[in-house]
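S.K.: One structure is given below, represented as structure tokens, and several questions about it will come after.
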């Protein structure tokens, strides 16, 4: 079916005409030799934007987090992380499999944070019975939720005081920054830097809300990125004429940051359209992700609902808890189409 409203994820975006033009015009070299000018320019741009000495362009956010874990931690170390964070739950246990680094998962609070007392209690004493507590990992946004900035400051200060390094999975960092800027009245780029500067390393994804086809960047000190570059090589992530992809990411940083506010507005539109519908419990979105729980008898019709949406050209993910993600390939009309299809299903 043409004109599908694809709300499965913000990773489904296609490059815009301007982005394709930037890719076509990108000067190229060999990034393994370090002489691809487009890759180098992107790495310098994102490092400067977030206030770090250096950055490394990698194919995926999963690899970026893996490079971070294995660069901060050694065999027998552990990192403290939330149960629902991507680098723990949805990255196939890479840190443990490839680096013998043990995750120490903690339960989340309702707002997505990890309780400071839980973090402190999870830090192991220097004793041969225990893995060495080495790193705290946070994620912003988490399931579309913005971590409160005051909390970020407190959690990272605690980690630093206990000798832990601090890594941020900022796959949707700029969504967080745009949402935070709406609260503070500041510039989104300034807010992204303010968030990032609480961490020793930050992973940023270009292929989600920013709309590039491929790629993430890992930011940190020069020494840290040198270690991460070695891990990237071992993980098969060193690419050659990668400037084609880096140019798309650079274009996204120049043109697609502020427009994330449009995605957030569309998520609000979707939530409003479904609010009050019997059988659904809508979680108020903070950024571009809307979660909808099926309750009561509606739970028994979850597969039927997804099939109905598909037949009406609307794609979503989930089962009893549906997930809708807005992005640059979705507009107001598409959201209205989704709302109409869902309401029609329950009316039947």
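S.K.: Classify the chain as rounded, prolate or oblate, taking a ≥ b ≥ c as the square roots of the eigenvalues of its Cα gyration tensor: rounded when a/c is under 1.5, otherwise prolate if a/b is larger than b/c and oblate if not.
M.R.: Oblate shape, in that a/c is at least 1.5 and b/c is the bigger or equal ratio.
S.K.: Once fully extended, how much extra length lies between residue 129 and residue 281, figured as 0.36 nm per residue of separation less the alpha-carbon to alpha-carbon distance?
M.R.: Residue separation times 0.36 nm, minus the Cα-Cα distance, leaves 50.2 nm.
S.K.: For region 1-73, what does the alpha-carbon gyration tensor say about shape, rounded, prolate or oblate, given a ≥ b ≥ c as the root eigenvalues, a/c under 1.5 as rounded, and a/b over b/c as prolate?
M.R.: Taking the square roots of the gyration eigenvalues as a ≥ b ≥ c, region 1-73 is oblate.
S.K.: Another one. How much length is gained if the chain between residue 33 and residue 300 is pulled fully straight, taking 0.36 nm per residue apart and subtracting their Cα-Cα distance, in nm to one decimal?
M.R.: Roughly 90.5 nm would be gained on extension.
S.K.: Between residue 12 and residue 96, what is the label-to-label distance in nm when each label sits 7 Å out along the Cα-to-Cβ direction?
M.R.: The answer from the label model is 3.2 nm.
S.K.: Hey, in the GNM for the chain with a 10 angstrom Cα cutoff, which one of 11, 184, 60 fluctuates hardest?
M.R.: Of the options given, 184 has the highest mean-square fluctuation.
S.K.: Gaussian network model of the chain, Cα springs within a sub-10 Å range: biggest mean-square fluctuation belongs to which of 237, 220, 318?
M.R.: Of 237, 220, 318, the most mobile in the Gaussian network model is 318.
S.K.: Does anything in region 40-61 have its amide N under 15 Å from the 7 Å Cα→Cβ label point of residue 223, and if so which residues?
M.R.: Once the point is set 7 Å along Cα→Cβ of residue 223, 53-54 turn out to lie under 15 Å by backbone N, inside region 40-61.
S.K.: Rounded, prolate or oblate: which fits region 31-73 when a ≥ b ≥ c are the square roots of the eigenvalues of the alpha-carbon gyration tensor, with rounded for a/c under 1.5 and prolate only if a/b beats b/c?
M.R.: On the way: a/c = 2.06, a/b = 1.36, b/c = 1.52.
Oblate, since a/c reaches 1.5 and b/c is not below a/b.
S.K.: Okay, moving on. Apply 1/(1 + (r/R0)^6) to the Cβ-Cβ distance of residue 75 and residue 21, taking R0 = 35 Å, and write down the FRET efficiency to the nearest 0.05.
M.R.: Here the calculated transfer efficiency is 0.15.
S.K.: Of 333, 249, 159, which is the most mobile in a GNM of the chain whose springs link Cα atoms less than 10 angstrom apart?
M.R.: 333
S.K.: Give the separation of the Cα centroids, region 198-223 to region 80-97, in Å.
M.R.: The distance from the Cα centre of region 198-223 to that of region 80-97 comes to 17 Å.
S.K.: Given bins 5 angstrom wide, list per bin the percent of all Cα-Cα distances in region 295-348, short to long.
M.R.: 4, 19, 30, 27, 14, 5, 1
S.K.: If you restrict to DSSP beta bridges whose two residues both lie in region 17-255, what percentage is antiparallel, to the nearest 5?
M.R.: Percent antiparallel among DSSP bridges in region 17-255 is about 35.
Every read-out reported here was derived from the displayed coordinates using simple, explicitly stated rules and does not represent laboratory data. All of these numbers come straight from a predicted model, not from anything done at the bench. Positions of Cβ are backbone-derived with ideal geometry, glycine not excepted, and every protein chain shown enters the neighbour counts.
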